[in-house]
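Notes follow once the structure below has been shown.
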Amino acid sequence: MNNSETARTIFEKTLRFVDPEKSLPGILNYNKQVGLLTIQNQKFEIKDRPVYLIGTGKASHTMAKAVENILAEKLTDGLVISPNQNTDISDKVRVRQGTHPLPDQKSVDSSSELIKFSESIPDQSVVINLVSGGTSSLFCLPADPLTIDEIREVYKLLIESGATIHQINTVRKSLSQVKGGKLLGYLKHTTLIDLIISDIPDDDLTMVGSGPSIAQKVSPVDAISELKKLRIFDSIPSSVREFLEKESEAEKKKPDSFITKDFNDHHTFLIASAGEMARKAGEIAEEFNFKSIIHKEPWSGPIEDLERLIIKTVNTHLNTDKKTALIFFGEPTVHVSGDGLGGRNQELALRMAFRLKNLDSNNDVVFLSAGTDGIDGPTDSAGAVVDTHSIEKASEKGLNAMSYLEKNDSYHFFKKAGGHIKTGPTGNNLMDLQVVLIIPK
């Protein structure tokens, strides 16, 4: 196994560890004999109560399968929205499709059906709500009178602007009927149990999937402020600008009316996070006799800054006489100026290929960046892996790597040069993982 293959194996083994179908049975337990549901040591007596399942996000399908396996015949009915699956999990749990990263009419139709399903659940039922990354696009009902085409245009501008996920979701929540805790209004007649997989750098649950079931302040004033900071307020559809301006005036007059309300019988559990994923990647690297060093804080910010952080850390450990693995995680932002195809992981890998080429060391260095959802931008790749010789090898094939980078066309570069990581959709979403392997000669 060469060094690039080792990096791939570390990533693939990490994916298997965080697979919800494998991890949920250790978090959720149902004792059929006494009718007791236990989640992270908190107990719920559900013996004589019907249990329903709803879910949204990239991990909704795999999470729902795991929950149904645990509850078995105790589960009454369920409906989840998934980006990649269009077949029902069982005769009890139905799957509806949405689109990601930009919502369309599929997302709207599926979201409307999920709301109707939620309202139809009998009083005093137990509802298990599965939330994961991707929910913001998949679970999308535009605020009246906005249209899905207008919402889609705003989403596109936000993504291409280099906005952070906090900025993006601050805007999304103000344009929605269901985000920012507004889903709670459809479920207050139930016992609601959220199981959340976080793809947010600081695990802020108000931001995971735009927090549909987390009570919070939803601020049009803040949404306008973020859009102006990003210099795209004047570019969004005029109808959206007018809507936000009207709502912001209303917020200034009655700020309390823009705070969504919780209810007593609502319980929220964070069941997986990117920090846990990064720690496991470090443990797996150690199985390959690497000394692992994990960057403690998840990354959120411009891709250029992450690139500089990684190479600075690499240089600190570059001339080690021990095999060393550096682990980073998070989701950098990319300001797209070219007309190429790619995603943030492939873009970062291509940037790092240039950095590795110029290292002042004889040691071999490998860099991998990939999304735990198996999807990097609008491509069929999870990311890419490069080493100190990638740019040289590309040149030998007649490829001008810099021209691909300038066009934000990392996908086609790796398609021709090699280095793609293709896992297919994983049914999970725990941010991106970066692995650097330093191997002394």
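The values are calculated or read from the model by the stated rules, or taken from the named source; none is laboratory data. Note that the structure is a prediction, hence the values are computed from the model and not measured. A quick note on method: Cβ atoms are made from the backbone with ideal geometry, for glycine too, and the neighbour counts reach across all protein chains shown.
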Notebook entry, point to check: So, in region 219-244, of the ones that are surrounded by fewer than 14 Cβ atoms within 10 Å (Cβ to Cβ) and of a type in the set (D, E, K, R), which residue ends up farthest from residue 11 (Cα to Cα)?
Noted result: 242
Next item on the list: Could you list, in sequence order, all residues of region 191-208 that are assigned to a loop (DSSP other than H, G, I, E, B) and buried (at least 24 other Cβ atoms within 10 Å of the Cβ)?
Entry: 198, 199, 200, 207
Next item on the list: Go through region 12-21 and give me each residue that's among the basic types (Lys, Arg) and either out of contact with any helix residue (DSSP H, G or I) (no Cβ under 7 Å at 6 or more places or on another chain) or free of Cβ contacts under 8 Å to residues at least 40 places away in the same chain (or both).
Entry: 16
Item checked: Selected residue [surrounded by fewer than 18 Cβ atoms within 10 Å (Cβ to Cβ) and more than 22 Å from residue 184 (Cα to Cα)] from 119, 113, 153 -> 153
Next item on the list: Kindly indicate which of 370, 382, 401, 349 is among the small types (Gly, Ala, Ser), crowded, with 24+ Cβ neighbours inside 10 Å and more than 24 Å from residue 57 (Cβ to Cβ).
Entry: 349
Notebook entry, point to check: From 389, 412, which residue is closer than 20 Å to residue 6 by Cα, surrounded by fewer than 21 Cβ atoms within 10 Å (Cβ to Cβ) and either of a type outside the set (S, T, N, Q) or without any contact (Cβ under 8 Å) to a residue 40 or more places away in the chain (or both)?
Noted result: 389
Item checked: Out of 76, 14, sole residue that is more than 14 Å from residue 128 (Cα to Cα) and of a type in the set (Ser, Thr, Tyr) -> 14
Checklist line | Search result, residues across region 4-40 that are assigned to a helix (DSSP H, G or I), crowded, with 17+ Cβ neighbours inside 10 Å and of a type outside the set (D, E, K, R) | finding: 4, 6, 7, 10, 11, 14, 15, 18, 20, 23, 24
Margin query: The conditions are (1) closer than 22 Å to residue 207 by Cα; (2) in contact with a Lys or Arg (Cβ under 9 Å, 6 or more places away or on another chain); (3) modelled with pLDDT of 95 or more; (4) hydrophobic (A, V, I, L, M, F, W, C), and residue 327 fails exactly one of them. Which is it?
Written below: (1)
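Each row is one residue, and each column tells you yes or no for (1) modelled with pLDDT under 95; (2) in contact with a Pro (Cβ under 7 Å, 6 or more places away or on another chain); (3) farther than 28 Å from residue 236 by Cβ.
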residue: 111; (1), (2), (3): no, no, no
residue: 122; (1), (2), (3): no, yes, yes
residue: 135; (1), (2), (3): no, yes, no
residue: 141; (1), (2), (3): no, no, no
residue: 144; (1), (2), (3): no, no, no
residue: 173; (1), (2), (3): no, no, no
residue: 188; (1), (2), (3): no, no, yes
Item checked: region 65-83 - residue that is part of a helix (DSSP H, G or I) and in contact with a helix residue (DSSP H, G or I) (Cβ under 9 Å, 6 or more places away or on another chain) and, of those, surrounded by the most Cβ atoms within 10 Å (Cβ to Cβ) -> 67
Next item on the list: Starting from residues that are in a helix (DSSP H, G or I) and polar (S, T, N, Q), keep the ones in region 213-263 and report whichever is nearest to residue 128 (Cα to Cα).
Entry: 257
Note to self: Please list, ordered by residue number, the helices (runs of 4 or more DSSP H) wholly in region 84-176 having 1 or more residues that are within 19 Å of residue 241 (Cβ to Cβ).
What the structure shows: 148-160, 165-174
